[in-house]
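Accompanying notes for the structure given below.
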Amino acid sequence: MAKAFSIPFVAFFGRNYEEYLAMFSLDESSLRGRSILDCPSGPDSFVAEGFKHGLNVIGCDPMYAMSLEQLCKSGKEHIDECFLQLQQTPGNFDIRDIDKFRKDKYDALESFATDYLSGKETRYIDASIPNLPFADRSFDLVLSSHFLFCYSAVKDGGMLQSDMFDLDFHLKGITELARVTRSELRMTPTHSMQAPPRRHPYLDASVKHLESLGFKVTIEPSDYDDGFAPFVEILVGRSS
C-alpha cells in the first residue's frame, strides 16, 4: 500500500491559465461576457491571464492579506514542499510529465506576482469561504479548485493532517459558493487525494446538498492530468 500523501498546511500552490481551462473543461470564448469568481484563487495565473484576455474575473483567497513578498516566499516554499512530499510518497500520483507540472506551478506564481499589486482589492480580494463579501448571485460562473475535497483529513480521503475542514465545513462552503452563483458553479477535483484513485467520500453528500439548494448537478469529465485518472472529474451545478 502506498504511503499517504499529507501536508500540515493549505498550500499556496497555483495552476496556470491553460491548466484552468483544461481542469474545468472550458474554452476562452465561453467565458467572455460573464462575471467569474475564482475561489480560492491562490497564486494561479487564471486571474492575471484572464484579465489580459479581457475577461471579467475576480480571485479571492485569505492569503491575500499578506504582502506580495510574503506571498512569493510562501508560494516557492509550498511548491518545493509539495514536490518533496510527492517524491517521498511514490504511488499516490501518476502524473505523466512531473517536470512540466512543477514548471507550470512556478510559471503560474510568476504571472500572479507580476499582476498582483495592480489588481489588489479589485481583482484580488482577501476573503474565504464560508464568508464571502459578495451579494447573492453576484457571478455568472463560480470556479473552485483544489481546496474543498483536497483539504479534508487524510482519513477522509484528503491530504491535510488535521480534520479542520470536515464534511460540515464542506457543506457550509458549498452553500456560500452557491449563494454567490447566478448561473453555474464548477468544482474540481472530486476524487480522493489518496491511492488508489476513487471518488471522494464527501462527494455524494455534496451533490445532494447542492441539489437541495436548487441546482441541477452533474459530474462531468476533465482532460486535466493530475495523476488520478480515471476519476479526474468536475462537479457542475447549474442554477435552476
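The values are calculated or read from the model by the stated rules, or taken from the named source; none is laboratory data. The structure displayed is predicted, hence computed values, not measured ones. Glycine also receives a Cβ, built like all others from the backbone with ideal geometry; neighbour counts cover every protein chain displayed.
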Practice prompt. Filter the stretch 200-232 down to the residues that are outside any strand (DSSP E or B) and among the polar types (S, T, N, Q), then identify the one that is farthest from Pro189 (Cα to Cα).
Written response: Ser212
Fill in: Matching residues in the stretch 122-148 - criterion: being in a loop (DSSP other than H, G, I, E, B), closer than 17 Å to Tyr64 by Cα and in contact with a helix residue (DSSP H, G or I) (Cβ under 6 Å, 6 or more places away or on another chain)
Arg123, Asp126, Ile129, Pro130, Leu132
Practice prompt. Looking only at the stretch 65-86, decide whether some residue is in contact with a helix residue (DSSP H, G or I) (Cβ under 7 Å, 6 or more places away or on another chain), surrounded by 15 or more Cβ atoms within 10 Å (Cβ to Cβ) and modelled with pLDDT under 90.
Written response: yes
Worksheet item: Would it be correct to say that Gly91 is surrounded by fewer than 16 Cβ atoms within 10 Å (Cβ to Cβ), modelled with pLDDT under 95 and not in a helix (DSSP H, G or I)?
Response: yes
Item to complete: Only one of these is farther than 25 Å from Phe231 by Cβ, among the polar types (S, T, N, Q) and out of contact with any His (no Cβ under 6 Å at 6 or more places or on another chain): Ser25, Ser74, Ser41, Ser30. Name it.
Response: Ser74
Fill in: Test result for Phe112, at positive phi, of a type in the set (Phe, Trp, Tyr) and buried (at least 20 other Cβ atoms within 10 Å of the Cβ)
no
Worksheet item: Do we have His200 as at pLDDT 95 or above and crowded, with 16+ Cβ neighbours inside 10 Å here?
Response: yes
Worksheet item: Which of the residues belonging to the stretch 208-240 are under 23 Å from Glu176 (Cβ atoms) and either within 17 Å of the chain's Cα centre (by Cα) or of a type in the set (Gly, Ala, Ser) (or both)?
Response: Ser212, Gly214, Ile219, Glu220, Glu233, Ile234, Leu235, Val236, Gly237, Ser239, Ser240
Fill in: Those residues of the stretch 125-147 which are under 15 Å from the mean Cα position of the chain (by Cα) and of a type in the set (Phe, Trp, Tyr), in sequence order
Phe147
Item to complete: Kindly list, by first and then second residue, each pair from a residue in the stretch 20-36 that is on the phi > 0 side of the Ramachandran plot to a residue that is among the charged types (D, E, K, R) and modelled with pLDDT of 95 or more, limited to pairs with Cβ atoms under 7 Å and residues at least 6 apart or on different chains.
Response: Ser25/Glu220
Worksheet item: If you check every pair at least six apart or on different chains, which have Cβ atoms under 7 Å apart with a residue in the stretch 159-178 that is touching a residue at least 12 places away in the same chain (Cβ under 8 Å) and within 16 Å of Cys60 (Cα to Cα) first and a residue that is in a strand (DSSP E or B) and aliphatic (A, V, I, L, M) second?
Response: Leu177/Val142; Leu177/Leu185; Ala178/Leu185
